[in-house]
Amino acid sequence: MRGAAFGALLSHWSRHPLQLLTLVAGLALATGLWSAVQAINGEARASYARASAQLGLTGMDMLIPKNGNISVARYVELRRAGWKLAPVLEGRWLLRNGSVKLIGIDPLNHPALPAISPTGSPQLDALRSPGRIFLHPSTESQLDGHPDLPPVILTETLPTGIVLSDISLAESILGLHGQITRLIILPDQPMGLKPLADLAPELLRRAAIDTQTGRLTDSFHLNLTAFGLLSFAVGLFIVQGTVGLGIEQRRNLFRTLRAMGVSLRLLTGLLLGELMFIALVAGCLGLILGYLVAGALLPDVSATLNGLYGETVEGGITLRLSWILSGLGMAIFGTLIASAQAFANFYRMPLLLAPGVQARSLDARSSQQVMAIVGCGLIVTGSLAILLIDGLVGGFALLAGVMLGSALLLPLLLSAILAAGARTARSALSEWIWADMRAQLPGISLAMMALLLALATNIGVGTMTSSFRLTFVGWMNQRLSAEIYATVKDEQQTGEFTGWLADRDITTLPIRWAEIPYDGSPIRIYGVVDHDTYRENWPILQAQPAAWDRVFDGGGAMINEQLARRQNLWPGNILTLSQDWQIPVTGVYSDYGNPHGQVMISLPALLQQVSHVPNRQFGLRLPPKDAADLMKEIRQSFDSASISLIDQADIKARSLAVFDRTFVVTGALNLLTLGVAGFAILTSLLTLWTMRLPQLAPIWALGVSRRQLAWLEVLRSLALASLTAVLALPLGLVLAWVLLSVINVEAFGWKLPMYVFPMDWLRLLGLALIAATAAAAVPAIKLARIKPADLLKVFAHER
Amino acid sequence: MLLSIQNLSKCYPGLPPSRAVLRNISLDLEAGKSIALTGESGSGKSTLLHLIAALDHYDTGDIKIDGTSLTGLTDRTRAEIRRTKVALVFQQYNLVPSLTVGKNLLLHARLGGRVDLDWNTTLTHRLGLADLTDRYPEQLSGGQQQRVAIGRALAVRPKLLLADEPTGNLDETASAEVLKLMLELVRKSGTSLFLVTHSAQIAAQLDRQVHLSEGVLQ
Amino acid sequence: MNVRLVIAGMIICLPHMGSAQGFAGLGTQAEGFAIPDRNTTLEFPSDHGAHPDFRIEWWYLTANLNGSDGREYGVQWTLFRTALDPGDDAGWSSPQIWLGHAGLTTADAIYFDERWARGGIGQAGVSIQPFTAWIDNWAMASPDQTLQNLTVTASGEYFAYDLAMTARGPLVRHGDNGYSVKSASGQASHYYSQPRYVVTGTLTLADGSVAVTGQGWLDREWSSQPLAEDQSGWDWFSLSFDSGSKLMGFILRSDSEDSSGDYSSGTWIDADGSATPLAPGTFQAVPLDYSIVAGRSVPVKWQVNLPEHAVSVIIQPINQQSWMGTSVPYWEGPVTISGSHTGRGYLEMTGYE
């Protein structure tokens, strides 16, 4: 009995392969995009976890100073109070070409490290002069040409971009004698200890992952997840439509089967089984798709993370069981959600009476109202969330509430607009068109909701990236004021080089900085000399009068926006770098593309506090037209390998390239989402197609040609899409505002001015119309070519 | 007695008993006999048919099919009765559009686990469908579709065949032909027939005729 | 094998002498380190302090204690020093490495912990003005420059102790006035002890504190010389007889099948504190019974004979499972003595694989 009934149910799909394809494709797309994002996030997290494990930090907590460093004496005090701690000294090691993160540890107390304790040959030599530095082979090239390197030991068991050494060696390389960046709290502490909060109130306890760039990268991954979820939601609209149709078209079959003795329970079970089977197949296809998409996007994600946070994600996508299970779970879960309504309808379906068409449209109207009420509720909830919940989660709650709420409001809005339009109709045909569009709304509104979400996301994210880019370019033009940037080999050469430049009357601005930890993450302190370059060009957001004069006098500091927002430090506040190093903030400047805090003080003030500040980088000021000649001359006069030069245009081009790479993933996901939405419209129109013939046939019989009907079909789709696009615009702008003013501040620490790009909107509208046309084309062509006999059949079947 | 209806009443929810659809109906049908139920539109004919087919629930009274009372049965048992004891022929045929004629013919029998291929072949030939088994319902005329529906119902060898205006959608010629075939096959298989029609002409061809008017049997 | 393990190997394989050969080139004579010298006269208080020019050194206390709850306890407190290079520096670049072991044995449990520190930063060390040996919050401290009165503290995740000790006798110089020979081929160390402490104090375990009294034995030893190549481990006994006399004896086991290559020696200490070195081979100890401890077979019952002092005793541990599962593990625990003499003491066994 089951087999016969199941066979009868499934036979539907063999007669409607396109419908099946749509269902499977919609589900596969939804699952695919979601899984792709999950795979990328999973890979990145695995990469961080691997790095953390390779540094022996899995599951460990840290002590970090509220500001400054921890002295070795403090460490010894805590040890002698009984606490088992392991010291870590971390800093940027300025190399010949750029810099690298150097981590110094005490191997005697550090959690087990595979790098320094390989099986068979323990690295005792690391502890004795001249020490050893440990690094991943791929990091080695960064050390190329650096003089006086300690012996290097290459190991695959360290993250790339990190150099590890004994703390004694790190101290002398970094010039940070007697200082510790953080303390690892080791497991198995002895009994009867005084709490750390009492012993060391100046230190903060953090989970290991939190102290690094963890918080920052988290925001990026949250971003990706939000995108994945959005794609998933858009994909589910397709599933919703097709499952609904699949059930709708089989109402008669269900009734017949029940009349022939198939119980409701069995029928429900069979339908569920059918759906789950389809969900599984589509889920598998989605996983394959997701795997491919993730593989294609991973290098860009890695580039983005590198560009934004200096974190690298290594390796390719690996298949993880948890990923496969969660992908299939999402497919099944999503199918269940998307088909819940159709199932409810099925379950309530009367065994005997054919449902009245009138009753259904009434149903649609009341459901529009319910959706609109829920939508308003969501918008209010989201708005409350941003007020009540701090941080990124609140921002995303606002986004989710506003986006979803607006989508739910859409059907009622469209319906109202169409009703208003109907009142303007003059001819019978146009009256019919308006009325028909409104009648079709319940069937197509889900697709329009998908389109609304996709368009709004596109507008929002596009506005965000474009605003960011515009701001970034403007900022760069201000900030990169020197005509030439030069880095010399070593400090011996510094004197020679600056003397040579002085002879030619060229202003040299030294670029000297020291990195110190501040509230758990490193900040850079630049020491600058008095020059109008700063007064005239620096991109200031807020400043006291004569702010630069006070900086150059040693009595003030300019800080970047990230630091200002994170620490809530504004002109007039005091920046406390350590207990005996406090400077009033005189101004705040914008500083994009850099996750960390930054401070500018006068060079003498810096040198007074930090003993060893490298002096190898310079900005050269000269008339722009002379730059090329000077560069040539420098290259002729000095060993070209010993001085690296880059001119302003070049550095700008490079920076922009990094910036653009950063948003590649966003762009790709954006486009994919729009594609899914287009597909959703196609599905809906195809779905409606079969149900539309009975409505079109009378119009045809009244003298409207098939060709005309086909055109009307396309126009209807275009009209609805344009309406939706118009409604998507304000939503997109709200989204952009939330991204720029809420999410960006939380994720990156800077707020961006919003610029609008109407040409982009037009382009997007064009895209939406193309999608709508393409989607309407299939049914329209079908309609134009339909045999009159098929239209006549409608009458034959009608009673 | 194959079908025995006693004091049956049915009321739609929200309506007072004075406006009941069916009032105090009693009726018997012997095995192998046929009965025609006539009445105006809205007289309650179809409701009575659905009650007998265990598709709907009655308020008071009792229906017994082949000695089994339908009162208080679970959905499962009711479904089993529909699978094995009664079969329905609808005015709109209700064939499964995605199955071929051949598969449609066998569907009910397979659901009931009562496939008899010889009997099926006999039916197929007798109904003149032998050349059409690979077609889909939409490729058939109305008369042909109704013949498939009749074949599908009889393939189960039901004790009771219920037919609701089986020729209502057909022109006169087709109608007469289909009815003739149906009666012949019902007789041949020993099935009892309960037929709802508004046509006195059709009703006259059955063993017995009863008339329903405003929910009361006359 | 990791850094800590290697360094632990460097010291643990030496306590009461020597080092296994294979570790990190330590099997050979130490370049630049001072060598124990028969003509050196021990001088106090300076020799209570560290000798950074020697490769290895330790301050090793064991105590047999009775609790107010009527139970027997054993306590170990050890500070090891090992040098990667001779001499000392301030700061992280010091070549001196310190390792602390603390153990607490009951009849049915053993608790232990281990601490590591670099010299030069103050996390661990030994000062003589007044005498203090410490690592982290563990310390052995005197109010003056002598070892006459000491307080000893240590704590781990599941135990802690705080003891006060007073010496009831003179320091004992082992071997030739503190020059203790460890092998037939002449490896040696500087070695002295204070074997006669009266101890009071408090032990803290998970279920509360218990007051204790008893006796303690402190060993001080430093050297730079590894063991002979064929020596695989040792069994070391510190026995306090109820008669008031004491016996320190050790056997350095050779790799050979029979015990023909073993080297034994020791010191007999009269009740008045006068010490007599034992001629090599006169101290005899024979395993009577083995037990599986931490997955290996370890002798847990010994027959100890010293004919010249009419000693013929059976040695049995309070807890057969007194296993110190530290970086390099070993057996160390309190024992009871029966036979010709009665009393109690401590037993250490290393090199049982």
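The values are calculated or read from the model by the stated rules, or taken from the named source; none is laboratory data. Computed from a predicted structure; not experimentally measured. Please note: Cβ atoms are built from the backbone with ideal geometry, for glycine as well, and neighbour counts cover all protein chains shown.
What are the residue pairs meeting all of these: first residue in region B:159-172, first residue more than 11 Å from B:V89 (Cβ to Cβ), second residue assigned to a helix (DSSP H, G or I), Cβ atoms under 7 Å, and 6 or more apart or on different chains?
Pairs that qualify, where the first residue is more than 11 Å from B:V89 (Cβ to Cβ) and the partner is assigned to a helix (DSSP H, G or I), are B:N169/B:G142; B:L170/B:G142; B:L170/B:G143; B:L170/B:Q146; B:L170/B:V178.
What's the number of the condition C:L104 fails, among (1) at pLDDT below 95; (2) within 14 Å of chain A (Cβ to nearest Cβ)?
If we test C:L104 against (1) at pLDDT below 95; (2) within 14 Å of chain A (Cβ to nearest Cβ), just (1) comes out false.
One line per residue, one yes/no per condition, for (1) over 19 Å from A:A279 (Cβ atoms); (2) out of contact with any strand residue (DSSP E or B) (no Cβ under 9 Å at 6 or more places or on another chain):
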site: A:G7; (1), (2): yes, yes
site: A:L10; (1), (2): no, yes
site: A:D61; (1), (2): yes, no
site: A:A86; (1), (2): yes, no
site: A:G91; (1), (2): yes, no
site: A:L95; (1), (2): yes, yes
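Give the number of residues within region C:101-112 that are surrounded by 23 or more Cβ atoms within 10 Å (Cβ to Cβ) and either hydrophobic (A, V, I, L, M, F, W, C) or under 30 Å from A:D125 (Cβ atoms) (or both).
Taking region C:101-112 and keeping what is surrounded by 23 or more Cβ atoms within 10 Å (Cβ to Cβ), we get C:101-105.
Then keep just the ones that are either hydrophobic (A, V, I, L, M, F, W, C) or under 30 Å from A:D125 (Cβ atoms) (or both); that gives C:101-102, C:104.
Residues in region C:101-112 being surrounded by 23 or more Cβ atoms within 10 Å (Cβ to Cβ) and either hydrophobic (A, V, I, L, M, F, W, C) or under 30 Å from A:D125 (Cβ atoms) (or both): 3 in total.
Residues of region A:122-180 being crowded, with 19+ Cβ neighbours inside 10 Å and assigned to a loop (DSSP other than H, G, I, E, B), which ones?
Of everything in region A:122-180, those that are crowded, with 19+ Cβ neighbours inside 10 Å and assigned to a loop (DSSP other than H, G, I, E, B) turn out to be A:P122, A:Q123, A:G131, A:R132, A:H136, A:L158, A:P159, A:L176.
Tally the residues that are among the small types (G, A, S) and either in contact with a Leu (Cβ under 6 Å, 6 or more places away or on another chain) or crowded, with 24+ Cβ neighbours inside 10 Å (or both), restricting the search to region C:72-95.
If we filter region C:72-95 for residues that are among the small types (G, A, S), which is where we start, we get C:74, C:83, C:87, C:90-91, C:93-94.
Next cut, either in contact with a Leu (Cβ under 6 Å, 6 or more places away or on another chain) or crowded, with 24+ Cβ neighbours inside 10 Å (or both) only: C:74, C:83.
Matching residues across region C:72-95 total 2.
Which one of these does A:G82 not meet: (1) surrounded by fewer than 24 Cβ atoms within 10 Å (Cβ to Cβ); (2) assigned by TED's automatic domain parsing to the domain that holds A:L280?
(2)
Just checking, how many residues over region B:58-88 are more than 14 Å from chain A (Cβ to nearest Cβ) and farther than 22 Å from B:A31 by Cα?
3
Select from region B:29-57 the residues that are assigned to a loop (DSSP other than H, G, I, E, B) and within 10 Å of another protein chain (Cβ to nearest Cβ) and write down the one among them that is nearest to the chain's Cα centre (by Cα).
Here is the first cut: in region B:29-57, the ones assigned to a loop (DSSP other than H, G, I, E, B) are B:30-33, B:40-44, B:53-57.
Now restrict to residues that are within 10 Å of another protein chain (Cβ to nearest Cβ): B:53-56.
Values: B:A53: 8, B:A54: 11, B:L55: 12, B:D56: 14 Å.
Once the filter is applied, the top-ranked residue is B:A53.
I'm checking my understanding of the structure. Among residues of region B:98-153 that are surrounded by fewer than 20 Cβ atoms within 10 Å (Cβ to Cβ) and of a type in the set (V, I, T), which one is farthest from B:A176 (Cα to Cα)?
Among those that are surrounded by fewer than 20 Cβ atoms within 10 Å (Cβ to Cβ) and of a type in the set (V, I, T), it is B:V115.
Can you find a residue that is under 23 Å from A:A342 (Cα atoms), within 11 Å of chain B (Cβ to nearest Cβ) and not in a helix (DSSP H, G or I) anywhere in region A:262-274? If you could, list the steps in order and put the result at the bottom.
Keep residues of region A:262-274 that are under 23 Å from A:A342 (Cα atoms), which gives A:262-274.
So of that shortlist, the ones also within 11 Å of chain B (Cβ to nearest Cβ) come out as A:262-267.
Restricting the remaining residues to those that are not in a helix (DSSP H, G or I) gives A:262-263.
Yes, because at least one residue in region A:262-274 is under 23 Å from A:A342 (Cα atoms), within 11 Å of chain B (Cβ to nearest Cβ) and not in a helix (DSSP H, G or I).
State whether one or more residues within region B:71-89 are buried (at least 22 other Cβ atoms within 10 Å of the Cβ), in contact (Cβ under 8 Å) with a residue 60 or more places away in the chain and not aliphatic (A, V, I, L, M). Reasoning before the result, please.
If we filter region B:71-89 for residues that are buried (at least 22 other Cβ atoms within 10 Å of the Cβ), which is where we start, we get B:79, B:82-83, B:86-89.
Now restrict to residues that are in contact (Cβ under 8 Å) with a residue 60 or more places away in the chain: B:83, B:86-89.
If we keep only those that are not aliphatic (A, V, I, L, M) too, we end up with B:83.
Yes.
Please find, within region A:532-555, the residue that is surrounded by the most Cβ atoms within 10 Å (Cβ to Cβ) out of those that are among the aliphatic types (A, V, I, L, M) and not in a helix (DSSP H, G or I).
At the first step, the residues of region A:532-555 found to be among the aliphatic types (A, V, I, L, M) are A:540-541, A:543, A:546-547, A:551.
Within this subset, residues satisfying the condition of being not in a helix (DSSP H, G or I) are A:540-541, A:543, A:546.
Values: A:I540: 17, A:L541: 16, A:A543: 19, A:A546: 14.
Filtering first and then ranking leaves A:A543.
Does C:I121 count as of a type in the set (A, V, I, L, M), under 16 Å from A:E77 (Cα atoms) and buried (at least 24 other Cβ atoms within 10 Å of the Cβ)? Break it down into steps so the answer makes sense when it comes.
Working: of a type in the set (A, V, I, L, M): yes; under 16 Å from A:E77 (Cα atoms): yes; buried (at least 24 other Cβ atoms within 10 Å of the Cβ): no.
Taking the combined requirement at face value, the residue does not satisfy it.
Regarding B:A109, is this residue under 16 Å from the mean Cα position of the chain (by Cα) and within 8 Å of chain A (Cβ to nearest Cβ)? Before you say what the answer is, go through the steps one by one.
Working: under 16 Å from the mean Cα position of the chain (by Cα): yes; within 8 Å of chain A (Cβ to nearest Cβ): no.
Answer is no for this residue.
Residue-by-condition table, conditions (1) more than 25 Å from A:S578 (Cβ to Cβ); (2) modelled with pLDDT under 90; (3) within 11 Å of chain C (Cβ to nearest Cβ):
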{"residue": "A:W93", "(1), (2), (3)": "no, yes, no"}
{"residue": "A:P114", "(1), (2), (3)": "yes, yes, yes"}
{"residue": "A:R128", "(1), (2), (3)": "yes, yes, yes"}
{"residue": "A:P151", "(1), (2), (3)": "yes, yes, no"}
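Within region B:1-53, track down each residue that is exposed (fewer than 14 other Cβ atoms within 10 Å of the Cβ), modelled with pLDDT of 85 or more and farther than 18 Å from B:S192 by Cα.
Listed by number, the list holds a single entry, B:N7.
Cβ-Cβ under 8 Å, sequence separation 6+ or interchain: first residue in region A:13-32 and farther than 15 Å from A:F679 by Cβ and within 14 Å of chain B (Cβ to nearest Cβ), partner at pLDDT below 80 and surrounded by fewer than 24 Cβ atoms within 10 Å (Cβ to Cβ). Which pairs?
From region A:13-32, the pairs are A:W13/A:Q19; A:H16/A:Q249.
What number of residues within region B:58-97 satisfy the criterion of being over 26 Å from A:L253 (Cα atoms) and outside any strand (DSSP E or B)?
5
If you check A:A564 against the conditions, is it outside any strand (DSSP E or B), within 30 Å of the chain's Cα centre (by Cα) and surrounded by 18 or more Cβ atoms within 10 Å (Cβ to Cβ)? Walk me through it before giving the result.
Values: outside any strand (DSSP E or B): yes; within 30 Å of the chain's Cα centre (by Cα): yes; surrounded by 18 or more Cβ atoms within 10 Å (Cβ to Cβ): yes.
Against the criterion (outside any strand (DSSP E or B), within 30 Å of the chain's Cα centre (by Cα) and surrounded by 18 or more Cβ atoms within 10 Å (Cβ to Cβ)), A:A564 qualifies.
Please work out if C:W92 is within 14 Å of chain A (Cβ to nearest Cβ) and outside any loop (DSSP other than H, G, I, E, B).
Working: within 14 Å of chain A (Cβ to nearest Cβ): yes; outside any loop (DSSP other than H, G, I, E, B): no.
Criteria not met by C:W92.
Can you find even one residue in region C:238-252 that is touching a Pro at 6+ places or on another chain (Cβ under 8 Å), over 18 Å from C:A167 (Cβ atoms), more than 14 Å from chain A (Cβ to nearest Cβ) and crowded, with 20+ Cβ neighbours inside 10 Å? Please lay out each step first, then the result.
Going residue by residue through region C:238-252, those that are touching a Pro at 6+ places or on another chain (Cβ under 8 Å) are C:238, C:240, C:246, C:248.
From what is left, the residues that are over 18 Å from C:A167 (Cβ atoms) are none.
No: zero hits.
Of all residues in region C:111-130, which are touching a residue at least 60 places away in the same chain (Cβ under 8 Å) and either under 20 Å from A:D188 (Cα atoms) or facing another protein chain (nearest Cβ under 7 Å) (or both)?
C:Y111, C:F112, C:E114, C:W116
Based on this model, can you work out whether B:R126 counts as basic (K, R) and away from chain A (no Cβ under 13 Å)?
On the way: basic (K, R): yes; away from chain A (no Cβ under 13 Å): yes.
So B:R126 fits the description; yes.
Name every residue in region A:481-506 that is under 18 Å from A:D629 (Cβ atoms), within 41 Å of the chain's Cα centre (by Cα) and of a type in the set (G, A, S), in order of residue number.
Initially, region A:481-506 is screened for residues under 18 Å from A:D629 (Cβ atoms), giving A:482-486, A:497, A:500-506.
Retained after the next criterion (residues that are within 41 Å of the chain's Cα centre (by Cα)): A:482-486.
Selection gives A:A482, A:A486.
I'd like to know if region A:224-232 contains one or more residues that are away from every other protein chain (no Cβ under 14 Å), closer than 25 Å to A:H16 by Cα and at pLDDT below 85. Before the answer, list the steps.
Taking region A:224-232 as the starting set, the residues that turn out to be away from every other protein chain (no Cβ under 14 Å) are A:224-232.
From what's left, closer than 25 Å to A:H16 by Cα: A:232.
If we keep only those that are at pLDDT below 85 as well, we get A:232.
There is at least one residue in region A:224-232 that is away from every other protein chain (no Cβ under 14 Å), closer than 25 Å to A:H16 by Cα and at pLDDT below 85.
Here are C:N137, C:N149: which of them is over 25 Å from C:T82 (Cβ atoms) and either surrounded by fewer than 22 Cβ atoms within 10 Å (Cβ to Cβ) or within 14 Å of chain A (Cβ to nearest Cβ) (or both)? Talk me through it step by step, then tell me what you get.
Numbers: C:N137 fails: over 25 Å from C:T82 (Cβ atoms).
Sole residue among the options that is over 25 Å from C:T82 (Cβ atoms) and either surrounded by fewer than 22 Cβ atoms within 10 Å (Cβ to Cβ) or within 14 Å of chain A (Cβ to nearest Cβ) (or both): C:N149.
Being in contact with a Leu (Cβ under 7 Å, 6 or more places away or on another chain) and among the aliphatic types (A, V, I, L, M): is that true of B:L195 here?
Details: in contact with a Leu (Cβ under 7 Å, 6 or more places away or on another chain): yes; among the aliphatic types (A, V, I, L, M): yes.
Spelling it out, B:L195 is indeed in contact with a Leu (Cβ under 7 Å, 6 or more places away or on another chain) and among the aliphatic types (A, V, I, L, M).
Would you mention how many residues in region A:29-72 are under 14 Å from A:V88 (Cα atoms) and in a helix (DSSP H, G or I)?
2
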